[in-house]
Amino acid sequence: MDSFWVLLDSIIDPVSSILVALKPTLHDEKHFYVSPKQHVFEIIIANIFFGLCIYFGLRKDKNSKAQASRARVAAKPLHTAERVFRVVLTLNIIMQLVYKTMRGWHILGYMLQPCHVTTCLYLFCWYTSDHHLGARVFQVSVHYMFFTALALAVPDLAQLKLPFEQTTFWVQHWALLIAPILMLLVSRRYHPLHPVVQELPARHRARGPVPL
């Protein structure tokens, strides 16, 4: 067991050193609530956990009856609210790219943070014409909602000093919290379990809305 922690430290220490070198304020108490080393440790554990969830989820999916049909299904027309949020998140991700670039090209690496990735995944779900593929992406991305909730619960605004940057932060995260609700409950575009809503058993379709 000791060898495991030694191996983990050998990974965490260099990465945390790189973070501090790129952004010295990472160790500032106003910027991060934990040390850079703890931050890297939590990222590694979170990615291992989600990697395992995706792996076992895909294995289960391959064994499901839904996998038997891979026919392309056309995406449903967008609800008006979805169109509005699609525009909002598109403009938001462009603004985030501008802000990161203004601070330096190496800061673009922060676009890999969960909420930025989730924004791109939701946009893909709204822009794709393949409902089946969009459903697959949605079923993975919807589980990142807790990252958004945490960001809203304990917002880190210390470095957001550019014009309208804090406003962009709040708009993005509230939109991310509402977006999956729109797709699940308003337009019923996707379902958290079934890959394609149209493939649900006839008894469910006959009752009307897809049960959540």
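Here the calculated FRET efficiency for A81 and V15, from their Cβ-Cβ distance with R0 = 45 Å, stands at 0.65, rounded to the nearest 0.05. Anisotropy class assigned to segment 98-157 is oblate, per the alpha carbon gyration tensor with a/c at or over the 1.5 cut-off and a/b no larger than b/c. From most to least packed by mean Cβ count within 10 Å, the peptides 118-125, 100-107 give 118-125, 100-107.
Could you order F164, F41, F138 so the one with the most accessible surface comes first? Probe is 1.4 Å. Before the final figure, lay out the partial values.
Working: F164 155, F41 55, F138 0 Å².
The ranking, largest first, comes out as F164, F41, F138.
The values are calculated or read from the model by the stated rules, or taken from the named source; none is laboratory data. Treat the numbers as computed from the prediction; the structure is a model and nothing was measured. FYI the Cβ positions are ideal-geometry reconstructions off the backbone, even for glycines, and counts take in every protein chain you see. These area figures cover heavy atoms from the full protein model, side chains too; ligands, DNA and RNA do not enter into them. Shrake-Rupley method; radii C 1.70, N 1.55, O 1.52, S 1.80 Å.
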